[in-house]
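Since the structure comes first, as structure tokens, the remarks are kept for the end.
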Amino acid sequence: MKNIETILSELGIQIPADKKDAFTAQFGENYKTAEETNRLRTARDDLKAQLDGAKEQLKSFEGVDVSDLKNQIAKLNGDLTAKDNEYKAKIADMEFSAVLDSAISSSGAKNAKQPRNLPKQRATERRRIATPT
């Protein structure tokens, strides 16, 4: 790459010594070299490619109803909470059953199921007694 002063002197144009610094400063502010221009073009082309890619991605969202998506998300979160509560209840029931079975076993009962079914049997008997025939 040639210096601008060299190019001008080869063409027979001489810059006076007292104006050389001002010329160099103004030239540097207002003009770019071919290398700088190519670098800027490459950066511009890269940014244009990114913009085109982003536009393509945005096209995939055309026609999407955002409020419908929000409603679906809210419904799914509600379903998830309900399932979570259901599993917590099942776990609590299993833990209670384990404690109850342990207490029945340690009491020396021969049949662990009979004490568990006792409340059900009593409720059935109460219904039978309360219902006139």
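Derived from the Cα gyration tensor, the three semi-axes of the equivalent ellipsoid of region 24-117 are 75, 21, 10 Å, largest first.
Charge tally for residue 41 (other residues, Cβ to Cβ under 14 Å; Lys, Arg +1; Asp, Glu -1): 0.
Where a number appears in this text, it was derived from the coordinates with a stated rule and is not lab data. None of these values were measured; they are calculated from a predicted model. Using ideal geometry, Cβ is built from the backbone for each residue, glycine included, and neighbour counts are taken over all protein chains shown.
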